[in-house]
Each structure stands twice: as structure tokens, then as C-alpha cells.
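For reference, the structure discussed in these notes is given below.
The values are calculated or read from the model by the stated rules, or taken from the named source; none is laboratory data. These figures come from a predicted structure and were not determined experimentally. Cβ: placed from backbone, ideal geometry, glycine included. Neighbour counts: every protein chain shown. Ligands, DNA and RNA are stripped out before the accessible areas are found, and what is left, the full protein with its side chains, is counted by its heavy atoms. Shrake-Rupley method; radii C 1.70, N 1.55, O 1.52, S 1.80 Å.
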Amino acid sequence: MKTMRIWRIMFMTLAVFTTVVAQAQLFRPLGLGFNGGERQGIFSQPRMHIEGDRLYACTNQGLYAKELSNDNSAWQLVGFKGIPLQDYARRGSDILALRYNEGGGFLLLSNDGGQTYEDVTPEIFRGEKYERLSNLVQHPRDPNTLLVSSIYWGLLLSTDFGKTWENISEFVYGNEVASFIGFHPSRPNIIYNSGEGGFFEGHINISYDGGQTWNDHGNSLGFPGDNCVHQPTFHPTNPDRWLAGGEGCVFLSDDNGQTWNSQNYWDDETRSAYWFFSAFDNEHPDTVYLAGCLGRNGQKKACIKLMCSTDGGRSWHPSQVMTSDREFDRVNDLRQYGDRLLIYAESDVYEVPKAELVAQSTTAIHNVVSDTSNSPTYDLQGRKVVEPQHGIYIKNGRKILK
């Protein structure tokens, strides 16, 4: 009996150690070489874009790019050298870049891919000493149509690639740093602005007619107080289904953003985080990913967190964690490339295999009893399989071939 107890303790220790090592290996840094995602001031949030097989990252030192199809490719500075960039829009060789600044000089136009550029910031954005443009997004079908969010002016629309701007909403959230704007990818006449109100309540402001009229969906639609609605994501085949992360919770809508509910509200340490970005899997839309972070607060260690759902966002598996030595390693963006997730944090850009994330999440060890043949079987998307056919599956935390 004593021998069996010792063996059980050794097995549990090995299982926990294996889980920790696996989590550490899950996040593979892509070696940007400097803290390019580190924010400038409190309103900066540099973003990424994938164009073909190339990843572009807006950094505090310019625009950098890396070939995703070649694991050994190195990052290259491709434009706007020395400029702290937030985001950009591309129209052929023309790039309109949003730089970090306060009081003017926000928009830079380049006609040669970022080698040379000029300041094209309209006078409307130069009047206030502490004006900030926190977001720039491009229409999914018309490259000439752009949106920017302004601290003082609200939401503005351009249909000529930034030459002129029209104010379409004067609404400004109380917490400008926690504000996101964008077009619905398959219904681009729908424009959203999500964020946090002046009393720390979650909101999402939606226009269904290109910005002519707006509907503010706030606490009355199920957003818990002391929260924020972060960047929404949209189901790839069901455009009525929206999902957005919050502070320790997830918001869901099944009717095109008209009504919402807080599907989960977690107060446990393993799942609580600022869940900034979410994504439905491009090939397996019942699988959803959340990317967030947790800063140092008392005994909480700074870390990047990932969590996945295999039932469309209705329930969530335990989070996978990458600890950080930084005081706060915030998540700036989340993108998908084939079978990988790309997470842009302040410290680096990290690559995470989707199948490994799902496998580690769905087979997470809570109470280790034994390695039995009766343990559940999962496919590579993390869905439980009752009668597995021929293929590769996950059982007892390991891949098996049927």
C-alpha cells in the first residue's frame, strides 16, 4: 500500500511537470528581437496583418514583416523606420499608417510601401492638445473606405483613403484605451464600436446602415458591471453569431448583435483575464479561441493566457498560460494562419499550434487517477468522439492512431 501511494505521488508529480513543460512549449516566440509590441503611453495598441504568407507587425520602431511559410525566415524592417506605428491600411503600394502621437501627426501616407511618407493628418485632428486616434480599420471589400476613432470627435469615415473624413458618431466611451471599432466582415454595412463606459460597464454601439443611425447595447442586454466589451469576432458561416471577450467573461449574440448575454462569468484565477481578442476557427467554426493577459496584482504573475471552446463558445476549457517576467505583458492582437494562432504581445509575437492548444486544453489534468482504456477520446479539434473511425485522436493527453 505504501509503495502504491509513493507511485501515485510520483505519477501525479510527473503529470503536473509534463503539463507545465507542455504549456511552456505551446508558445513559440517568433523572435522579433526587441519589445516591438510595447505600448507607447496608455492608448497605444499596435496591430498585425497577414497578407498572403507574410506577417506584418506594427511596432514602436516601424513596420516589420516575416515570411510565415518559412520557419527560418527573419524579421525585416519594411517601412516607416523609427516611427511608433499603431496600424495601417493598404491600397496597392499605398499605405496609410496610424502612428502613436498626441496632439497631431497621426496619419502618414506612403506611395512606395513605407520607404517615404508624408503627414496627411487633417486639421480636424490637430485642434486639441491631447487628441488621440486610437484605431484605424479598413473596409473588407473597398480599400478606399476607412474608419478611425477619435477621443474628441468619435467615429469618422473616409471613402477616399483618408483624404477627407466624415463624422458618423460623436459617441466616445469613457475608457478610450478599451475601445474597438470595425466592420462586420460579411455584412460591412454593419459598423461596431465596443468598449467600456464611464462607470466601467460594458457596451457595444452598432450601426446597421453604414453609420447613419446607432444602437447602444449596454448593461440592459446582459453585460455584467465593472467590465468591458473587447474586440468582437464573427462566426464564418453564421453571420448572426457574434462573440466578444470581456474581463473574466465572454459575451455572445445569436441575432446579429441585437441582444447579448454573458455566457460565462469567471471569478477563478485559472480563467480570469482581460480577454482582448477572440476568433472562430476558420475551418472548424465550433472551435473558438480567446487571447488575453493578466498583470501583476498582489500574488498574480504577469502572463499571456489562451483559452478555447469546442462548442461554439457556450463552454470553455481551462486556460493555457505563458508566464512573463514583465510587469504587464499585454496582448495587442490575435490572428490565424493555417493551423496556427499568432499572438502579438508586448514582449514578442508568439506562434501556437491550434491542435496542440485544443489537445492540451481538453485533456488538462485535474484529478489524476489512472491511465485507463475508458478515458474519453477527442479529435484534433477537441470534440469528444464516442465511436472514433480511422484517423488521429487524443486520448489520455497523447495522440493515438486508429
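When the range 96-119 is filtered for residues that are farther than 17 Å from residue 136 by Cα, of a type outside the set (Val, Ile, Thr) and open to solvent by 40 Å² or more (accessible area, probe 1.4 Å), the ones remaining, listed by number, are 111, 112, 115, 117, 118. Within the range 309-333, take every residue that is under 14 Å from the mean Cα position of the chain (by Cα) and in contact (Cβ under 8 Å) with a residue 60 or more places away in the chain and give me the one that is nearest to residue 285 (Cα to Cα). Going through the qualifying residues, I end up with 333. Scanning the range 33-65 for residues that are more than 16 Å from residue 106 (Cα to Cα), crowded, with 22+ Cβ neighbours inside 10 Å and not small (Gly, Ala, Ser) yields 55, 64.
Can you name every residue in the range 135-167 that is open to solvent by 20 Å² or more (accessible area, probe 1.4 Å) and not in a loop (DSSP other than H, G, I, E, B)? Working first, answer last.
Residues of the range 135-167 open to solvent by 20 Å² or more (accessible area, probe 1.4 Å): 137-144, 151-153, 157, 159-160, 163-167.
Within the range 135-167, 137, 138, 157, 166, 167 qualify.
Which of the residues spanning the range 270-319 are of a type in the set (S, T, N, Q) and farther than 26 Å from residue 185 by Cα?
Here is the first cut: in the range 270-319, the ones of a type in the set (S, T, N, Q) are 270, 272, 278, 282, 287, 297, 299, 309-310, 315, 319.
Those that are of a type in the set (S, T, N, Q) and farther than 26 Å from residue 185 by Cα: 270, 272, 297, 299, 319.
Kindly check whether there is at least one residue in the range 78-92 that is open to solvent by 30 Å² or more (accessible area, probe 1.4 Å), under 23 Å from residue 160 (Cβ atoms) and within 22 Å of the chain's Cα centre (by Cα). So far as the range 78-92 goes, yes, one or more of its residues are open to solvent by 30 Å² or more (accessible area, probe 1.4 Å), under 23 Å from residue 160 (Cβ atoms) and within 22 Å of the chain's Cα centre (by Cα).
For the range 87-132, the tally of residues that are of a type outside the set (Ser, Thr, Tyr), in a strand (DSSP E or B) and touching a residue at least 40 places away in the same chain (Cβ under 8 Å) stands at 9.
Tell me whether the range 192-200 contains one or more residues that are surrounded by fewer than 18 Cβ atoms within 10 Å (Cβ to Cβ), assigned to a loop (DSSP other than H, G, I, E, B) and at pLDDT 85 or above.
Here is the first cut: in the range 192-200, the residues surrounded by fewer than 18 Cβ atoms within 10 Å (Cβ to Cβ) are 198-200.
Filter once more, so that each one left must be assigned to a loop (DSSP other than H, G, I, E, B): 198-200.
Then keep just the ones that are at pLDDT 85 or above; that gives none.
No, the range 192-200 contains no residue that is surrounded by fewer than 18 Cβ atoms within 10 Å (Cβ to Cβ), assigned to a loop (DSSP other than H, G, I, E, B) and at pLDDT 85 or above.
State which residue is nearest to residue 311 (Cα to Cα) when the search covers only the range 236-250 and only residues that are in a loop (DSSP other than H, G, I, E, B) and without any contact (Cβ under 8 Å) to a residue 40 or more places away in the chain. Quick ask: steps written out before the conclusion?
Start the filter on the range 236-250 by keeping residues that are in a loop (DSSP other than H, G, I, E, B), which leaves 236-241, 246, 248.
Retained after the next criterion (residues that are without any contact (Cβ under 8 Å) to a residue 40 or more places away in the chain): 240, 248.
Numbers: 240: 16, 248: 19 Å.
The extreme case among them is 240.
Counting only residues that are at positive phi and open to solvent by 10 Å² or more (accessible area, probe 1.4 Å), the range 229-281 holds 1 of them.
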